[in-house]
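Quick note: the coordinates plus some simple rules give every number you see, no bench work behind them. As the structure is a prediction and not an experimental result, all values here were calculated from the model. Backbone-built Cβ (ideal geometry, glycine too); neighbour counts: all protein chains shown.
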Amino acid sequence: MDRFIPLSIPNFEGNEKKYVNDALDQGWVSTGGAYITKLERAMAAFLGVENTAACQSGTSALHLSLVEAGVKPGDVVLVPPLTFIAAVNPVKYQFATPVFIDCDDSFCMDPQKLKAFCEEACTWDGITLTHNGAAVKAIVVVHVFGNMADMEAIMDIAEAYGVKVIEDATEALGTKYTEGCYAGRYAGTIGDFGCFSFNGNKIITTGGGGAVTARASSTVDHIRFLSTQAKTDPHYYIHDEVGYNYRMTNLQAALGVAQMEELPEFIRRKQRNYELYKELFQGFAYGTLMPFRAGTDSNKWFYSLCIDRSRITASMREIIVALHGKGIETRAIWGLINEQKPYENEETYKLEKAPYYADRILNIPSSTQITEDEIRYVTDEVKQLLRSLADG
């Protein structure tokens, strides 16, 4: 194999080594140290919010948000089926019940079906929305691949029924609205809670790690308190609540501070590379490069080719393996969460587009380091393969 073009890898072009070495020299490597505070402040400044809390992962950010939202055993949480399973697993951590609501063409939760579920499958007594006798406590809205959910419609529904909204912006750091009532607002800053991930393949990374914000600064302070084992008295180890070991380490935060410095450039590259892919796939008969929501400025984290299933019957696995043989790493969109073993008996609501896209979406290389030559190579090889599969 002459070349290998990865799907999405970290980019360390800036001060990462300098800051990590500084943290090592200071001896602050664990869940205390100045870089954690620096990262939290950098995140808050970028997002235009008052406060953020750095934590261990995007999953821990979601879990802490559910805890803070008051989700208890037996409560109902409305979730998407078409996303990474980590968006839904924390619902089970709280022994709550997920109900899967379909997506729209952005891959994000469909507000029309969300509204229909609340109106047709729930009871509203003017105080609490219930489904089969259980309180509908929260909605987890995932901004998939850097796209933006229709937050204006979703927030109207949630506020009408007093349901908390947890934005999973783990793939959408830097995505914002440019039109409408939320113009200028970033993904993760509109709902009651906003969660971010710094996993290795995200637009910025701390190796692992994540962050969370909320409408009230005091709420973020309490989340931070919970993430450090809810220690009330650091000298005598007094704990007034059940806490979690969910705090980010200073070494991770040192990476994150450097990555935040580079984030605007990373977004610029992602957007530029998407436009080149869009130009190269224009008019291609066997697949369409999916757009991002109008009225938004997306970080364009992942690029999605929707394969024409009326012409291509080969399995996604066959397509991925064939492209790997050409030195190109691709992946299918996730298997639907409601079809996974831990969730196969959970309730779904009018799933139509989620299974449609699960069978058709191929993610293609989107690293910030990818070159124009590599993009052209990827496009040519994908086109050639799909044409051969259609002809065959």
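What the table shows:
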read-out: Protection proxy ranking of 270-278, 25-33 - average other beta-carbon atoms within 10 Å, highest first; value: 270-278, 25-33
read-out: Ellipticity estimate at 222 nm from DSSP helix runs (n ≥ 4, -39,500 (n - 2.57)) divided over the chain, nearest 500; value: -11500 deg cm²/dmol
read-out: Fewest-first ranking of 247, 360, using other Cβ atoms within 10 Å as the exposure measure; value: 360, 247
read-out: Set of lysines with alpha-carbon distance to residue 113 below 18 Å, sequence-local pairs under 8 removed; value: 137, 164, 350, 353
read-out: Span from the segment 348-392 Cα centroid across to the segment 135-208 one, whole angstrom; value: 25 Å
read-out: Candidates per trypsin sites (Lys or Arg not before Pro) in segment 287-322, loop by DSSP, up to 14 other Cβ within 10 Å; value: 309, 311
read-out: Peptide ranges 185-195, 368-378 listed from the most packed, as the mean C-beta count within 10 angstrom indicates; value: 185-195, 368-378
read-out: Calculated on alpha-carbon atoms, Rg and Dmax of the chain in Å; value: 21.3, 73
read-out: Reach of residue 270 by Cα under 18 Å, taken over aspartates and glutamates that are not fewer than 8 positions away in the same chain; value: 13, 171, 261, 262, 279, 297, 329, 372, 373, 374
read-out: Global geometry of segment 264-391, whether rounded, prolate or oblate, following the gyration tensor of its Cα atoms and the 1.5 cut on a/c; value: oblate
read-out: Low-density loop cleavage sites - GluC sites (Glu not before Pro) in segment 51-124, where at most 13 other Cβ are within 10 Å (DSSP); value: none
read-out: Using θ = phi - 60° and Karplus 6.51 cos²θ - 1.76 cosθ + 1.60, couplings along segment 299-311 (whole Hz; Gly, Pro as x); value: 6, 6, 5, 10, 10, 10, 9, 8, 7, 6, 6, 6, 10
read-out: Segments 132-145, 333-346 sorted - mean Cβ within 10 Å per residue, highest first; value: 132-145, 333-346
